[in-house]
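In what follows, a single structure is set out as structure tokens and then discussed.
The values are calculated or read from the model by the stated rules, or taken from the named source; none is laboratory data. What you see is a predicted model; the values in this text were computed from it and never measured. Cβ atoms come from the backbone with ideal geometry, glycine included; neighbour counts cover every protein chain shown.
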Amino acid sequence: MVEVSPSHRLFRRYLKEQRLPVTHQREAIAEVVFSSAEHLSVEEIERRLRSGRNRIGKATIYRTLDLLVRSRLVVEHDFGEGFKRYEHGLTQEPVHGHLICLECGRVIEFQSWEVQEVKARITQKHGFRPTRHKLEIYGLCQPCQEAGVELPDDGLSCPIETV
Ligand SMILES: [Zn+2]
Ligand SMILES: [Zn+2]
């Protein structure tokens, strides 16, 4: 018997609680996400499964990711690329923000106690009980800036009416 990770055991338990079969395919998909520190697209997950000699269709991957997200073992992100990305929800830094490069798609994670403080202050002020939050900062990463990439500004060139 191959040793399985704690996340893997939790996923098995979740499937059993939901009265869903623990299949080899579901386990293989979960393992790809659990064993990566990256923010994977479905394409990337499919590629990794194939290199591990697993032939699993996209529909099964989508359905399994849906289960993983509902179990909260995996977190789904939409970084505005037109597709979703998935990351292991029980990483060592469960609460982190993302810097997303609009040119190369690089995702940099960061942690900040100041953000936690601001969150506590604002929610307290409004008598709001927070469960989770998201912090995504979009722009250009350092290598892209150094390569001379400029992002177009799609806003008004001048906010003053001229006609
Ligand atoms: Zn970049
Ligand atoms: Zn992340």
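Looking at (1) part of a strand (DSSP E or B); (2) surrounded by 11 or more Cβ atoms within 10 Å (Cβ to Cβ); (3) of a type outside the set (Lys, Arg), which is the one condition that is false for Ile137?
Going through the list (1) part of a strand (DSSP E or B); (2) surrounded by 11 or more Cβ atoms within 10 Å (Cβ to Cβ); (3) of a type outside the set (Lys, Arg), Ile137 breaks only (2).
What are the residues in region 131-163 that are in contact with a helix residue (DSSP H, G or I) (Cβ under 8 Å, 6 or more places away or on another chain) and either more than 13 Å from Val95 (Cα to Cα) or at pLDDT below 90 (or both), if any? Give the derivation first.
So the first thing to find is which residues in region 131-163 are in contact with a helix residue (DSSP H, G or I) (Cβ under 8 Å, 6 or more places away or on another chain), and the list is 133, 135.
Within region 131-163, just His133 meets the criteria.
Restricting the first residue to region 108-131 and requiring it to be farther than 30 Å from Cys144 by Cα, which pairs with a second residue that is outside any loop (DSSP other than H, G, I, E, B) and among the aliphatic types (A, V, I, L, M) meet a Cβ separation below 8 Å and a spacing of at least six or different chains?
Phe128/Ile122
Working only within region 1-41, note down all residues that are surrounded by fewer than 16 Cβ atoms within 10 Å (Cβ to Cβ), within 15 Å of the chain's Cα centre (by Cα) and not hydroxyl-bearing (Ser, Thr, Tyr).
Within region 1-41, Ala37, Glu38 qualify.
Restricted to region 55-76, and to residues that are outside any helix (DSSP H, G or I), buried (at least 16 other Cβ atoms within 10 Å of the Cβ) and free of Cβ contacts under 8 Å to residues at least 40 places away in the same chain, which residue is farthest from ligand 2 (Cβ to nearest atom)? Please lay out each step first, then the result.
Of the residues in region 55-76, the ones outside any helix (DSSP H, G or I) are 55-57, 71-76.
So of that shortlist, the ones also buried (at least 16 other Cβ atoms within 10 Å of the Cβ) come out as 56, 71, 73-75.
Narrowing further to those that are free of Cβ contacts under 8 Å to residues at least 40 places away in the same chain: 56, 75.
Values: Ile56: 24, Val75: 7 Å.
Only one residue tops the list, namely Ile56.
Considering each residue of region 105-125, count those that are among the small types (Gly, Ala, Ser), more than 20 Å from the chain's Cα centre (by Cα) and within 20 Å of Tyr138 (Cα to Cα), and give that number. Outline the logic, then answer.
Here is the first cut: in region 105-125, the ones among the small types (Gly, Ala, Ser) are 105, 112, 120.
Cutting the leftovers down to more than 20 Å from the chain's Cα centre (by Cα) gives us 120.
Subsequent filtering for residues that are within 20 Å of Tyr138 (Cα to Cα) retains none.
Final tally of qualifying residues: 0.
Any residue at all in region 1-17 that's assigned to a loop (DSSP other than H, G, I, E, B) and either within 24 Å of Ile108 (Cβ to Cβ) or of a type in the set (Lys, Arg) (or both)? Please lay out each step first, then the result.
Within region 1-17, the subset assigned to a loop (DSSP other than H, G, I, E, B) is 1-5.
If we keep only those that are either within 24 Å of Ile108 (Cβ to Cβ) or of a type in the set (Lys, Arg) (or both) too, we end up with none.
No, the conditions are met nowhere in region 1-17.
Which residues, counting only those in region 68-85, are in contact with a Gly (Cβ under 9 Å, 6 or more places away or on another chain), under 22 Å from Pro21 (Cα atoms) and charged (D, E, K, R)?
Matches in region 68-85: Arg72 only.
Note down all Cβ pairs under 6 Å where the first residue falls in region 149-163 and is within 15 Å of Leu102 (Cβ to Cβ), the second is acidic (Asp, Glu) and assigned to a loop (DSSP other than H, G, I, E, B), and they're at least six residues apart or on different chains.
Matching pairs, first to second residue: Val149/Glu103.
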